[in-house]
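Asker: Below is one structure. I have some questions about it.
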Amino acid sequence: MAEYTLKVRRYQPESGQAAYWEEFKVDLDPSLSVLDGLLQAKDRDDGSLAVRCSCRAAICGSCGMKVNGSSTLGCKTQIGEAHEQANRRQKEDVPPPMGADEEYKPGSAAPGRGSNGGSISDSPAVAGAEEAAPIVIEPMGNMPVIKDLITDMESTHWTKIRRVTPWLLPHGEAPEREYVVEPESMIDITQSMACIQCGACVSSCLSMEADPDFIGPAALAKAYRFVGDPRDAETKERLHDLAHDPHGIYDCTHCFSCIDACPKGVAPMDQIMRLRRAAAEEGVDDDPNNGANHVTAFVRMIEKKGTNDEALLVQESHALGLKGKLKPSKGAIEGLLKSLPTVLRAIKTGKARSPSKVIPGVHPKLPGGSQDEVRAIYRHAEEHREEFNLYIKGEDEDFVEPEPDETDMEETA
Amino acid sequence: MPKHDVLVIGAGLAGQRAALAAAEQGVSVGILSKVHPVRSHSNAAQGGINAALNPGDSWESHAFDTVKGSDYLGDQDAISIMCEEAPEEILHLEHLGVTFHRNEEGRLGTRAFGGASAARTYYVADITGQAIMHVLYEQLMKHSEQVARYEEWFCTALALDEEGECRGVVTRNVADGSMELFEAKAVILACGGNGQVWKPTTNALICTGDGIAMAYRVGAKLMDMEMIQYHPTTLAGKGFLITEGARGEGAHLLNAKGERFMERYAPNKMELASRDVVSRAEQTEIDEGRGFPDGTVALDITVVPKKRVHEALREIVLVGRDFAGVDITREPIHIKPGNHYTMGGVKTDVDGRTDVPGLYAAGETACVSVHGGNRLGANSLLDTLIFGRRSGVDAAARAKRGEGSRPSREALEAEQAQIDAIAAREKGSGRRVSEIKLELGTTMDAKVAVFRDEAGIAEALETVRRLKQEAESAYVDDKGRIFNQDLLAAIELGYMLDNAECTCVAALERKESRGAQYRTDFPERNDEEWLKHIDLQLADDGPEISYSEVTITQWEPEERRY
């Protein structure tokens with residue numbers, strides 16, 4: 001048994017008050033969960049503390065929330081570990097996920113993970129007491145808050161799920177017995193079937209923070225469940241739809257947040273990347289987002305140059321060519337002009353650190369033979385494609401990566 | 001007032017299957033659930049679903065295993081229907097998109113399960129219930145024009161007409177606290193079991209026996225309420241489930257001396273004897289001092305090849321890691337028997353019809369009875385789907401037959417008054433709901449569990465009746481309308497207490513040992529006097545006992561050996 005302080009972001013819609021923080025002292029075994037802690041507070045101190053929960057075992061997906069700023073399931077987070085994490089954050093002076101004085105606007109989306117800032121200096125528990133760092137608990141991000149930790153998943157998460165036509169579309173009559181399919185194909189999509197629709201990935205998604213219309217990690221993982229299903233007959237139509245949507249598969253920025261957040265190892269970002277590869281394989285390469293072009297341009301550039309020439313990548317993404325450094329095609333020039341405001345902003349905010357970086361082809365060389373090495377890695381990866389799927393491989397530390405092909409590496413050395 | 005031909009209460013597997021089946025008959029369907037459908041507890045069924053679909057297997061063999069597993073208390077006509085229709089149902093699910101495990105030829109593959117004479121369990125890794133339920137929910141989204149979904153609506157009572165026919169339900173919209181009377185020509189209860197009456201339990205917090213209690217309160221008969229399954233492999237303390245699939249894949253049970261103790265209890269089937277047998281064996285080892293100091297025995301999964309564990313038992317790798325801090329691929333995990341399943345429930349015929357006209361029940365809420373004294377692993381998903389579908393079809397047919405009268409609005413007014421009264425209780429007027437719930441759970445787990453006797457059950461019954469009194473003045477903190485979970489918990493507590501009372505009364509009545517009911521004061525099965533169901537019906541001062549015959553078609557009772 002140990003004592004913990006839960007610092008809970010509360011919002012009582014009928015009180016007429018803005019959201020506020022409230023601390024609860026709870027007393028339980030460190031191996032129990034943050035949800036157990038919340039339920040103890042609810043049982044002992046305040047029955048009005050609202051949190052959706054049911055199975056307590058990370059199966060039902062009800063208790064998505066943010067613990068110390070990270071989107072997760074309350075039942076899957078051990079309270080002892082959450083406490084240690086809170087202490088580490090306090091020592092390292094990591095700003096808490098949200099300022100204590102910051103207010104939710106009732107009915108509006110809760111700020112996502114990116115809106116850090118503020119301090120908890122007004123919290124009485126913090127002053128000098130090293131062990132007393134509270135576990136900070138908030139509702140999920142990217143969704144409107146209804147009450148305390150309860151968010152409106154219908155208007156966000158479920159609407160997006162329905163967007164991807166989430167049911168099997170086979171053609172023709174069903175066979176008399178089962179569909180005969182490759183055994184590996186079922187295991188492959190079982191990874192996305194493992195999704196419990198908890199919304200943790202949606203809560204953590206940085207792209208969705210920038211573009212609330214982004215279909216998002218959960219719904220796209222659901223889409224892969226059908227695209228990867230050999231029984232589904234509308235694979236190409238699905239991919240065309242998701243590639244052409246301006247908020248579709250190319251809206252993901254590879255930030256890995258959803259992979260970190262997912263409590264079930266679904267790895268939504270991996271599923272999105274599979275959708276992109278499937279789109280390329282199905283010849284869906286004419287999307288108005290230039291997503292397919294961007295992917296192809298990036299791959300070619302790494303293959304050829306062994307480094308990313310960002311300015312050239314912009315040009316190439318608008319119109320593939322890679323003909324010459326300063327000979328962009330007409331389409332590329334048009335695209336580049338359209339990108340100018342973004343480029344200017346990048347310079348202004350320091351994202352593009354030197355103006356020379358915005359000129360295609362003037363990207364500085366990497367030191368030593370680094371670019372050659374990257375090219376060698378690229379060739380190796382091309383020749384040894386490995387689909388990473390936890391259901392096939394398992395999280396087995398005994399699993400040995402295949403040895404790199406030595407002759408391949410020597411050639412380039 | 002929302003109105004549908006068929007109204008389904010509960011949206012787990014039984015409810016969703018019933019709704020889809022009714023919609024297929026062309027009637028208007030509403031499905032209503034106190035949580036979002038995909039949060040339903042069917043999710044937790046890990047291991048699989050039984051069907052005699054392999055060449056060389058037969059539905060009769062499946063049925064016999066089920067009859068024997070039930071300790072001959074199951075009704076053989078219902079069991080035959082379930083087992084005969086099972087293969088078709090599996091294929092239907094496969095066609096809808098369930099990602100069942102395949103064998104090397106790309107056809108449906110099976111695993112072994114407890115109490116079964118053949119490997120006939122179809123599965124999706126160890127997320128079978130979840131995988132099937134999410135696929136059914138896909139179908140509900142697809143058929144949204146035929147099936148209206150009411151997600152996060154809580155039922156407080158069934159509404160009857162003047163002739164005593166069920167014509168609707170009174171509900172509270174959880175999101176805003178408004179009360180509604182839903183009108184229907186047939187109502188199907190598919191609200192799951194009552195595991196929360198025990199603590200610990202493998203069951204979710206939502207499994208509070210709502211459907212069983214609501215049916216009981218309007219006069220429907222309950223049956224086999226004493227039959228409560230304790231699952232052999234649950235995590236000590238927290239009650240989380242470790243699938244029987246682990247033993248199906250070859251895992252061993254060991255006592256603290258490292259002995260594979262099942263040799264002494266079930267020399268042929270060993271770890272794969274039926275659940276009541278394995279749970280009693282474990283409890284005996286623990287009680288006689290051969291368990292671990294934390295009151296457990298060990299499940300050794302390290303004997304199963306690692307790749308197979310990761311492929312087929314991944315969920316319990318996570319459960320071990322996240323909830324017990326144990327890497328099950330490297331060391332045994334401590335387990336004990338824990339509350340798991342309600343074999344009894346609302347008495348129905350093979351089409352889900354209860355004693356109240358217009359009222360149906362399916363899944364764990366119902367007692368058809370296909371599980372009798374003990375349910376076999378991987379038969380519960382099958383039960384939900386077969387009898388969910390049959391209820392949906394029959395309810396649709398009933399709805400098509402006629403208009404009937406309308407429910408009285410008095411039910412709505414009475415429920416509103418009841419809720420207002422709960423909210424009006426002042427702080428300090430009584431105990432907290434959570435305290436009463438805790439006392440109920442620990443009492444039932446101590447007295448009405450694997451081993452029972454008259455004194456213990458009587459003591460539990462006395463406690464339950466006192467708690468019923470106390471519950472009437474239990475207060476709630478939350479006085480609001482929006483997501484007032486505190487208030488709903490008070491209503492659920494009432495449901496749980498009704499369930500508990502019925503279980504105690506039936507357990508006290510059955511003076512023999514059969515299936516999950518093991519009476520240390522009557523340790524033998526007694527077919528002469530007790531090969532019959534105990535039925536309970538609400539009377540003035542609690543449940544009134546009557547008996548009904550067990551239907552025996554082709555399998556005469558014999559001694560059970562594994």
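The values are calculated or read from the model by the stated rules, or taken from the named source; none is laboratory data. Nothing here was measured: the structure is a model prediction, and the numbers come from that model. Backbone-built Cβ (ideal geometry, glycine too); neighbour counts: all protein chains shown. SASA here: full protein model, heavy atoms, side chains in, ligands and nucleic acids out. Shrake-Rupley method; radii C 1.70, N 1.55, O 1.52, S 1.80 Å.
Asker: Treating only the Cβ atoms of Lys and Arg (+1) and Asp and Glu (-1) as charged, compute the dipole magnitude of segment B:215-332 about its Cα centre; round to the nearest 20 debye.
Answerer: Values: 17 positive and 19 negative charges, 57 e Å.
That gives segment B:215-332 a dipole magnitude of about 280 debye.
Asker: Let me ask something else. Just subtract the alpha-carbon distance of A:Asp93 and A:Ala210 from 0.36 nm times their residue separation and send over the number in nm, one decimal. Walk me through the numbers on the way to the answer.
Answerer: Values: separation 117, 0.36 × 117 = 42.12 nm, distance 2.68 nm.
Computed gain between A:Asp93 and A:Ala210 is 39.4 nm.
Asker: Return the value, in Å² to the nearest 100, of accessible area buried between chains B and A (probe 1.4 Å, both sides summed).
Answerer: Buried surface at the B/A interface: approximately 5800 Å².
Asker: Please name which of B:Phe261, B:Leu536, B:Leu508 has its Cα lying farthest along the dipole of chain B towards the positive end, using unit charges on Cβ (Lys, Arg +1; Asp, Glu -1) and the Cα centre as origin.
Answerer: Value computed over the given set: B:Phe261.
Asker: Just the Cα atoms of the protein assembly as shown, one point each, no solvent: what log10 I(q)/I(0) does Debye give at q = 0.10 Å⁻¹?
Answerer: Values, matching the q order: -1.22.
Asker: Can you sort B:Phe451, B:Phe182, A:Phe298 by 1.4 Å-probe accessible area, starting with the largest?
Answerer: Accessible-area ranking of B:Phe451, B:Phe182, A:Phe298, largest first: A:Phe298, B:Phe451, B:Phe182.
Asker: Still on this structure: What is the sum of charges around B:Arg510, taking Lys and Arg as +1, Asp and Glu as -1, for the other residues whose C-beta is under 10 Å from the C-beta of B:Arg510?
Answerer: 0
Asker: Between segment B:72-88 and segment A:136-206, what is the separation of their alpha carbon centroids in Å?
Answerer: Centre-to-centre (Cα) distance: 34 Å.
Asker: Before rounding to the nearest 500, sum -39500 (n - 2.57) across all DSSP H runs of length at least 4 in the protein assembly as shown and divide by the residue total; then give [θ] at 222 nm in deg cm²/dmol.
Answerer: Result for the protein assembly as shown, helices only: -11500 deg cm²/dmol.
Asker: About the Cα centre, and with charges only on the beta carbon of Lys, Arg (+1) and Asp, Glu (-1), how big is the dipole of segment B:310-422? Nearest 20 debye, please.
Answerer: 380
Asker: Where does helix B:380-401 land angle-wise versus the long Cα axis of chain B, in degrees 0 to 90, nearest 10?
Answerer: Helix B:380-401 sits roughly 30 degrees off the main axis of chain B.
Asker: In segment B:307-337, which residues become less accessible by 40 Å² or more once every protein chain is in place, relative to the chain on its own, using a 1.4 Å probe?
Answerer: B:His310, B:Glu311, B:Arg314, B:Glu315, B:Asp322, B:Phe323, B:Arg330
Asker: Sticking with this one: Please list, or write none, the lysines whose alpha carbon is within less than 19 Å of the alpha carbon of A:Lys351, excluding same-chain residues fewer than 8 places away.
Answerer: Reachable lysines: A:Lys338, A:Lys365.
Asker: Just to make sure I understand: if all protein chains stay in place, what is the order of B:Ser42, A:Ser257 by accessible area at 1.4 Å, largest first?
Answerer: From most exposed to least exposed: B:Ser42, A:Ser257.
Asker: Positive end of the charge dipole of segment B:308-463 (Lys, Arg +1 and Asp, Glu -1 on Cβ, about the Cα centre): tell me which of B:His371, B:Ala449, B:Ala460 has its Cα farthest that way.
Answerer: Toward the positive end, the furthest listed residue is B:His371.
Asker: I'd like the distance between the alpha-carbon centres of segment B:164-184 and segment B:498-562, rounded to an integer number of Å.
Answerer: Rounded to whole Å, the Cα centres lie 34 Å apart.
Asker: Also: State whether segment B:329-384 is rounded, prolate or oblate according to the following rule on the C-alpha gyration tensor (a ≥ b ≥ c being the square roots of its eigenvalues): a/c under 1.5 gives rounded; otherwise a/b larger than b/c gives prolate, and the remaining case gives oblate.
Answerer: On the way: a/c = 3.61, a/b = 3.03, b/c = 1.19.
Because a/c hits 1.5 or more and a/b exceeds b/c, segment B:329-384 counts as prolate.
Asker: Could you order the peptides B:492-502, A:300-310 from most to least packed, using the average number of other C-beta atoms within 10 Å per residue? All intermediate terms of the calculation are to be shown ahead of the outcome.
Answerer: Details: B:492-502: 25.1, A:300-310: 16.5.
Final packing ranking: B:492-502, A:300-310.
Asker: State the percentage of accessible surface on segment B:32-177 attributable to carbon and sulfur atoms; use a 1.4 Å probe and exclude ligands, DNA and RNA.
Answerer: Whole-percent figure for carbon plus sulfur exposure: 45.
Asker: How much solvent-accessible surface does B:Leu93 expose, in Å² to the nearest 10, with a 1.4 Å probe and all protein chains in place?
Answerer: Approximately 0 Å² of B:Leu93 is accessible to the 1.4 Å probe.
Asker: Excluding ligands, DNA and RNA, what is the solvent-accessible area per residue of chain B at a probe of 1.4 Å, expressed in Å²?
Answerer: 32
Asker: In nanometres, what is the gap between the two model label sites at B:Glu88 and A:Ile359, each 7 Å from Cα along Cα-to-Cβ?
Answerer: 7.7
Asker: Averaged over A:176-188, how many beta carbons belonging to a partner chain fall within 10 Å of each residue's beta carbon?
Answerer: Counting other chains' Cβ atoms within 10 Å and averaging over A:176-188 gives 6.
Asker: Here's something else I'd like to know. Can you find, among B:Phe113, B:Gly129, B:Ala51, the residue farthest towards the positive end of the dipole of segment B:50-149? Put +1 on the C-beta of Lys and Arg, -1 on that of Asp and Glu.
Answerer: B:Gly129
Asker: Follow-up. Roughly how many Å is it from the Cα centre of segment B:192-224 to that of segment B:266-335, as a whole number?
Answerer: Taking the Cα centre of segment B:266-335 as reference, the centre of segment B:192-224 is 28 Å away.
Asker: Next up: Run the accessible area of segment B:179-280 with a 1.4 Å probe and give the carbon-and-sulfur part as a rounded percent.
Answerer: Values: 1080 of 2280 Å².
That fraction is 47 percent.
Asker: Assigning unit charges at the beta carbon (Lys, Arg +1; Asp, Glu -1) and nothing else, what dipole magnitude in debye, to the nearest 20, does segment A:213-321 show about its Cα centre?
Answerer: Here the size comes out at about 400 debye.
Asker: Same structure, new question: How much length, in nm to one decimal, is gained on full extension between B:Asp77 and B:Glu524, taken as 0.36 nm per residue of separation minus their Cα-Cα distance?
Answerer: 158.3 nm
Asker: If you don't mind, another one. Leaving out ligands, DNA and RNA but keeping every protein chain, what accessible area does B:Trp555 have, in Å² rounded to the nearest 10, with a 1.4 Å probe?
Answerer: Per-residue accessible area (B:Trp555): approximately 30 Å².
Asker: Continuing with the same structure: Counting only protein heavy atoms and using a 1.4 Å probe, what share of the accessible area of segment A:135-285 belongs to carbon plus sulfur, as a whole percent?
Answerer: Within segment A:135-285, the accessible surface is 52 percent carbon and sulfur.
Asker: Nearest-5 percent of antiparallel DSSP beta bridges in the protein assembly as shown?
Answerer: In the protein assembly as shown, DSSP labels about 70 percent of beta bridges as antiparallel.
Asker: To continue, here is another question. Rank B:Tyr150, B:Tyr216 by accessible area, highest first, at a 1.4 Å probe radius? Could the numbers behind the result be given before it?
Answerer: On the way: B:Tyr150 45, B:Tyr216 5 Å².
Ranked list, largest accessible area first: B:Tyr150, B:Tyr216.
Asker: Follow-up. Averaged across the residues of B:98-108, what count of C-beta atoms belonging to other chains lies within 10 Å of each residue's C-beta?
Answerer: Working: counts 4, 14, 5, 4, 10, 1, 2, 2, 10, 6, 5.
Mean number of neighbouring Cβ atoms from other chains: 6.
Asker: Ok, one more. Using only Cα atoms, tell me the angle between helix B:454-471 and the longest principal axis of chain B; keep it within 0 to 90° and round to the nearest 10.
Answerer: Orientation of helix B:454-471: about 30 degrees from the principal axis.
Asker: What is the angle, in °, between the Cα long axis of helix B:433-447 and the longest principal axis of the Cα atoms in chain B? Nearest 10 is fine, range 0 to 90.
Answerer: Rounded to the nearest ten degrees, it is 40.
Asker: Please list, in order, the residues from segment A:282-311 whose amide nitrogen is less than 14 Å from a point placed 7 Å along the Cα→Cβ vector of A:Lys338.
Answerer: Residues A:286-294 qualify, since their backbone N sits under 14 Å from the label point.
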